[in-house]
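Novice: Please find one structure pasted underneath; my questions will follow.
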Amino acid sequence: MTAPFPHSEIAVAAKAAPLIDPFQRAITYLRVSVTDRCDFRCVYCMSEHMAFLPKAEVLSLEELDRLCSAFVAKGVRKLRLTGGEPLVRRGIMTLVQSLSRHLKSGALDELTLTTNGSQLTKYAGELKACGVERINVSLDTLDADKFRAITRWGELSKVMAGIDAAQAAGLKVKINAVALKGVNEDELGDMVAWAHGRGMDLTLIEVMPLGEVDAARVDQYLPLSMVRARLAERFTLDEIDYRTGGPARYARVKETGGKLGFITPMTHNFCESCNRVRITCTGTLFMCLGQEDAADLRSPLRTSESDEPLHAAIDRAIARKPKGHDFVIDRRNHRPAVGRHMSVTGG
Ligand SMILES: C[S@@+](CC[C@H](N)C(=O)[O-])C[C@H]1O[C@@H](n2cnc3c(N)ncnc32)[C@H](O)[C@@H]1O
Ligand code: SF4
């Protein structure tokens, strides 16, 4: 097969030395928001009338490929495509196909994505064929009316069909659910039983104060310590040592055999083991999800055909990776801790 992008003929070294930040953390995981657009408008993620980035500012698929490949050359071993909704980006499978060369060469251990599942009936087979083994699907409820209320524009049946298609294609699916006060809190036990019954792990997420949405964060925020206590009345939760370098802590549910993850940025500081950085679809690198400091990688990408300036800009940025974040849901000001939405940085 011919390479989809001219530069993508270039192979990268199979085992590059990892990027090391000032706190001796190896940066081996890159999350890439390939678009800030989405076919849903989840109430905790976006406002109903979101202003999206002008197309000219957004990197082309070819530029995204070059940028990701620069990180792979610098020792990144895991790439996650996210957004916005990654599968609504036109031509997205060209990028997935192209990046899959790094799996074949052994330079990358994993290529994966986080999706709302709405397009999976269309793409599950192709994803699997490109070497994607596992995906995360975000789903906060099993009730069609609640699903519509949370996502504003989404249809539960389409996402369910997408999950069916993904499993039929042989993709391992993990479900991510945001715990929302008064919305899905009574349902989370049933979601554990449902997900584990289908062989899918489930991770619960606390609402993070990212970007202005129409609702007040304090009204949405449900501490997972409370959720966990309630789940422990129904299930036996055995603490396990499973770690991904990320913010989740895992328990094994004795009755189902499945894994249950808890992402608690608000109640638990998970930064010491952080191995990741994020890039937006405009080529801005965020060294921490919860801080404003960022580095522009689009200029070095666009102004030079050589990857050298890009590599140098990545090195300078990683040298500034902060120790951690300090999210607070501010009860008095109702202002987000970080101005940008999750759909910009990629969840
Ligand atoms: C921004 S979405 C992007 C990928 C895809 N559209 C999806 O929904 O899976 C990634 C994840 O971030 C979560 N998310 C979005 N805004 C959030 C917030 N303010 N706090 C916590 N999680 C959030 C979503 O629930 C989703 O699981
Ligand atoms: S959480 Fe995902 S699906 Fe929902 S609005 Fe944000 S980007 Fe879209």
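Novice: Of all residues in the range 77-108 being out of contact with any helix residue (DSSP H, G or I) (no Cβ under 8 Å at 6 or more places or on another chain) and under 23 Å from Cys274 (Cβ atoms), which is nearest to ligand 2 (Cβ to nearest atom)?
Specialist: It comes out as Thr82.
Novice: Still on this structure, please answer the following. Test Cys42 against the stated conditions and say whether it is under 19 Å from Thr112 (Cβ atoms), surrounded by 13 or more Cβ atoms within 10 Å (Cβ to Cβ) and under 21 Å from the mean Cα position of the chain (by Cα).
Specialist: no
Novice: In the range 112-121, is there at least one residue being surrounded by 23 or more Cβ atoms within 10 Å (Cβ to Cβ), at pLDDT 95 or above, aliphatic (A, V, I, L, M) and within 16 Å of ligand 2 (Cβ to nearest atom)?
Specialist: Checked against the condition, which is being surrounded by 23 or more Cβ atoms within 10 Å (Cβ to Cβ), at pLDDT 95 or above, aliphatic (A, V, I, L, M) and within 16 Å of ligand 2 (Cβ to nearest atom), the range 112-121 yields at least one hit.
Each row is one residue, and each column tells you yes or no for (1) within 16 Å of ligand 1 (Cβ to nearest atom); (2) in contact (Cβ under 8 Å) with a residue 40 or more places away in the chain; (3) not aromatic (Phe, Trp, Tyr).
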residue	(1), (2), (3)
Val34	yes, yes, yes
Tyr44	yes, yes, no
Glu48	yes, yes, yes
Val58	yes, yes, yes
Glu85	yes, yes, yes
Val88	yes, yes, yes
Gln97	no, yes, yes
Ser105	no, yes, yes
Gly117	yes, yes, yes
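Novice: Okay, moving on. Under 6 Å between Cβ atoms, at least 6 apart or on separate chains: pull out the pairs that start in the range 185-198 with a residue that is under 14 Å from Met226 (Cβ atoms) and end on any residue that is surrounded by 14 or more Cβ atoms within 10 Å (Cβ to Cβ) and basic (Lys, Arg).
Specialist: Short answer, once both residue conditions are applied: Gly189/Arg234.
Novice: Which condition does Ala14 not pass, out of (1) modelled with pLDDT under 95; (2) among the aliphatic types (A, V, I, L, M); (3) within 15 Å of ligand 2 (Cβ to nearest atom); (4) more than 30 Å from Gly324 (Cβ to Cβ), if it passes all the others?
Specialist: Ala14 satisfies all of (1) modelled with pLDDT under 95; (2) among the aliphatic types (A, V, I, L, M); (3) within 15 Å of ligand 2 (Cβ to nearest atom); (4) more than 30 Å from Gly324 (Cβ to Cβ) except (3).
Novice: Provide a single number: the residues in the range 312-347 that are out of contact with any helix residue (DSSP H, G or I) (no Cβ under 6 Å at 6 or more places or on another chain), assigned to a helix (DSSP H, G or I) and either modelled with pLDDT under 80 or surrounded by 13 or more Cβ atoms within 10 Å (Cβ to Cβ) (or both).
Specialist: Qualifying residue count, the range 312-347: 7.
The values are calculated or read from the model by the stated rules, or taken from the named source; none is laboratory data. What you see is a predicted model, and the numbers here were worked out from it, not measured in a lab. Virtual Cβ from ideal backbone geometry, glycine too; neighbours counted across all protein chains shown.
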